[in-house]
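> Here it is, the structure in full.
Derivation of every value follows stated rules applied to the coordinates shown; laboratory data play no part. Model, not experiment: these values are computed from the prediction. Note that each Cβ is placed from the backbone with ideal geometry, even for glycine, and that neighbours are counted across all protein chains shown.
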Amino acid sequence: MNIVTPSEIELGHKSSDKAPWWKGAVIYHIYPRSFYDSNGDGIGDLRGCIEKLDHIASLGVDAIWLSPFFKSPQADYGYDISDYKEIDPTFGTLDDFDDLVEQAHSRGLKIIIDQVYAHTSDQHAWFEESRQSRKNVKSDWYVWADPKIDGMPPNNWQSVFGGPAWEWDARRQQYFMHNFLKEQPQLNVHNLDVQNAILEIMRFWIDRGVDGFRMDAINFAMHNRAMTDNPPSNLERSRVTRPFDMQKRIHNQSQPEIPLFMERIRKELDKHGEIFTVAEIGGDEALSEMRDYTYGDKRLNSAYSFDFLDGPPVSADKVRGTLGNWIGEDGEGWPSWAFENHDAPRAVSRWAKPENRWFAARNYMMLLLSLRGNAFIYQGEELGLPQGEVAFEHLKDPEAIANWPRTLGRDGARVPMPWNKNADHAGFTTGTPWIPVDPKQAELAVDTQTDDIPCMLRFTKYAMGVRKRTLALRLGSMTFMDTHNSSVLAFMRRHDEEHIMCVYNFSDKHSKWNHHLGKGWKVMFSHDGMSDGWEVPHDLPAYSAYWAKLTK
Ligand code: NOJ
């Protein structure tokens, strides 16, 4: 795969405004457990989501993606599903879900659900049956293997959360595979019966009105049936916290048959109108897999990876390098981007010092909304929340606990959403929250950020509004401009006659940059609310950003 960093190439020059609803959409990501608790049990729920729909609609987003709320023992907080067609009682009922869909639709919001097809819970009826014997209808629905002659697991595969990817099962006298927790046995998605069952689950939710599916860890869906050992990775050992990272994961995941399964999914979904599909892709080969899984018009619509969720801070080179791989070639899919989610520390805390947070949060919001692709906004990102702090004794995330103190895990991104600064638990619950609210975040609660004061929430709404009205930002091509300054990123988005220049200073120092595009450029939106219609500045204060429009 060639990595291109073009300044002269116009990425995606053939975009059109006759786009499906999801193309260029802004999608609000809810982690239901931490969003809003309607019944005082300390855990957010579907009714809570319904109660806060007006907040979400007021942002001007197009859709909501909900992390899993299906029946689950919650070993990995819902990413371990024990019944794909039931709602976990902690989150509500199917009636609540139907109501959520109806009420979201009535506000013009689409609903995307999170589907985990690479593994189930060990308490799923399929697994219960599969583990009974080596000869039952579902015996091949999971990945089972005999021990080696010395009793060891069949190969060296490691799990993401730490330790071998194999767990011994006394009944079958075999190991079963798990890429994540041992409570998340790996489905054998090579098996066509498993694929059929997945398609049936998709139909079930489409019938209930969902508009799209986010496919969790989908490049983990298939393993190499030859069970070959993974080779070692070249990662420097001091940078590695888990044995998982000490291997090149070429056999436990990312198998060439996965795109064929994507094609089966797409064929089914095409019968039901514009159902959006987006793959979550992790790992070292994320970029080529994103491209592969979305290639042509027979696979998924979109994919996102951890490009901006981990790794080095955002920079001009980073954005050029990453976006430069989506140049709008024939057959190319449509990317999606996230700077924050329930798996990653908040971007403002990862990328900027606390004293710069006010402008940095605005800079990143504008950047996300101006990249060519879909934008995922994680709950609280609209408030500019910093990473939550969670004391060791309050940690819940199994990954955090297993790898402590080398990684603080994901709890800091999952602390409850602050709604009311002065209410108990920032208004998230009337009970005891499942994980404590961070008082620092409570200072930025929704009720402190009203439309009549300059605040991040108001800023987010303005920025969303501008994106929504501006086809060039939603669907346009993208051309990078040379700034000769590594702190400054500048690119052009264009749709027909509409030209938008987007400029970012990622540094905490003043920078200068002068475009050479001639006259007629007027600021339409900026990090500090600079008036519409101003001449574009060449002096760029720390963390400043602006979008400018070419006027006649
Ligand atoms: C990715 C999800 O985002 C994460 O939260 C989960 O733990 C793993 N997939 C396993 O399902």
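> Determine the principal axes of the Cα atoms in the stretch 184-261, then give the extent along each, sorted from largest to smallest and rounded to whole angstroms.
49, 27, 22
> Output the 0 to 90 degree angle, nearest 10, between the alpha-carbon long axis of helix 456-469 and the longest principal axis computed from the alpha carbons of the chain.
Tilt relative to the chain: about 90 degrees.
> Just want to confirm a number: the relative contact order over the stretch 339-488, from Cα pairs under 8 angstrom separated by 6+ residues, in percent.
The normalised contact order for the stretch 339-488 reaches 25 percent.
> Tell me the relative contact order for the stretch 113-166 as a rounded percent, counting alpha carbon contacts under 8 Å between residues six or more apart.
16
> Taking only the C-alpha atoms, wrap a convex hull around the stretch 33-74 and report its volume per residue in Å³ as a whole number.
Details: hull volume 3.2 nm³, N = 42.
Measuring per residue, one finds 75 Å³ for the Cα hull of the stretch 33-74.
> If you don't mind, there's one more thing I want to ask. For residue 279, which sequence-distant residues (separation of 5 or more, or a different chain) have an amide H within less than 5 Å of its own amide H, given hydrogens modelled in the peptide plane?
215, 302, 303, 304
> Further, regarding this structure: For the chain, take the longest principal axis of its alpha carbons; what is the angle in degrees between that and the long axis of helix 357-370, to the nearest 10 within 0 to 90?
Compared with the principal axis, the helix lies near 80 degrees.
> Still on this model: For residue 539 and residue 317, what is the calculated FRET efficiency with R₀ set at 22 Å and r taken between the beta-carbons, to the nearest 0.05?
Computed FRET efficiency for residue 539 and residue 317 comes out at 0.45.
> Here's something else I'd like to know. Using a simple charge model, +1 on the beta-carbon of Lys and Arg, -1 on the beta-carbon of Asp and Glu, nothing else, what dipole does the chain show about its Cα centre, in debye to the nearest 20?
Details: 62 positive and 79 negative charges, 248 e Å.
Magnitude of the dipole: close to 1200 debye.
> Now for a separate question. Give the residue from 70, 56, 89 lying farthest towards the positive end of the charge dipole for the stretch 29-96; charges sit on Cβ (+1 for Lys and Arg, -1 for Asp and Glu) and the dipole is referred to the Cα centre.
56
> Out of the GluC sites (Glu not before Pro) in the stretch 169-277, which ones are loop residues according to DSSP with at most 16 other C-beta atoms within 10 Å? It would help to have the intermediate numbers written out before the result.
Working: sites: 183, 200, 236, 257, 263, 268, 274; in loops: 183, 236, 257, 274.
Answer in residue order: 236, 257, 274.
> Tell me which trypsin sites (Lys or Arg not before Pro) from the stretch 254-305 have a DSSP coil assignment and no more than 16 other beta carbons within 10 Å of their own.
When the trypsin sites (Lys or Arg not before Pro) of the stretch 254-305 are filtered for loop state and at most 16 Cβ neighbours within 10 Å, 298 remain.
> Something else: Taking only C-alpha pairs under 8 Å that are 6+ residues apart, what is the relative contact order of the chain in percent?
Answer for the chain is 15 percent.
> Another one. Using label points projected 7 Å from each Cα along Cα→Cβ, tell me how many nm separate residue 452 and residue 145, to one decimal.
6.5
> Answer rounded, prolate or oblate for the stretch 9-147, using the Cα gyration tensor with square roots of eigenvalues a ≥ b ≥ c: rounded when a/c is under 1.5, else prolate when a/b is larger than b/c, else oblate.
Judged from the Cα gyration tensor, the stretch 9-147 comes out oblate (a/c at least 1.5, b/c at or above a/b).
> Helix-only estimate, please: 222 nm mean residue ellipticity of the chain, summing -39500 (n - 2.57) across DSSP H runs of length 4 or more and dividing by its residues, to the nearest 500.
Numbers: 14 runs with 124 residues, N = 552.
The per-residue figure over the chain is -6500 deg cm²/dmol.
> Taking neighbour counts of Cβ atoms within 10 Å as a proxy for exposure, in what order, fewest first, do 241, 90 appear?
Ascending Cβ contact count within 10 Å gives the list 241, 90.
> Please list the non-local residues whose amide H lies under 5 Å from the amide H of residue 250, H modeled 1.01 Å from N, same-chain partners needing a gap of 5 or more.
none
> Between residue 250 and residue 404, what FRET efficiency follows from the Cβ-Cβ distance if R0 is 25 Å, with the result rounded to 0.05?
Computed FRET efficiency for residue 250 and residue 404 comes out at 0.30.
> Further question on the same structure: Label points 7 Å out from Cα along the Cβ direction at residue 106 and residue 237: separation in nm?
6.2
> To the nearest 10 degrees, how steeply does helix 258-269 sit against the main Cα axis of the chain, on a 0 to 90 scale?
80
> Kirkwood hydrodynamic radius for the chain: how many Å is it when counted over pairs of different Cα atoms? Spell out each step's value before the answer.
Details: mean 1/r = 0.0412 Å⁻¹.
Mean inverse Cα-Cα distance, inverted, gives 24.3 Å.
> Okay, moving on. Along the principal axes of its C-alpha atoms, what lengths does the stretch 369-441 span, in descending order and rounded to whole Å?
41, 34, 17
> On to the next question. Which FRET efficiency, nearest 0.05, do residue 391 and residue 152 yield, Cβ-Cβ r, R0 22 Å?
Working: r = 38 Å, r/R0 = 1.74.
That pair, residue 391 with residue 152, gives E of 0.05.
> Starting from the Cα gyration tensor of the stretch 444-552, take the square roots of the eigenvalues, sort them a ≥ b ≥ c, and report rounded, prolate or oblate (rounded when a/c is under 1.5, otherwise prolate if a/b is larger than b/c, else oblate).
oblate
> Also, quick follow-up: Counting only residues 5 or more places away or on other chains, whose amide H sits under 5 Å from the amide H of residue 221 once H atoms are built in the peptide plane?
Residues meeting the amide H criterion: 254.
> Could you tell me which GluC sites (Glu not before Pro) in the stretch 460-552 are loop residues by DSSP with no more than 10 other beta carbons within 10 angstrom of their beta carbon? Could you put the intermediate results ahead of the total?
On the way: sites: 497, 498, 535; in loops: 497.
In loop regions of the stretch 460-552 (DSSP not H, G, I, E or B), the sparsely surrounded GluC sites (Glu not before Pro) are 497.
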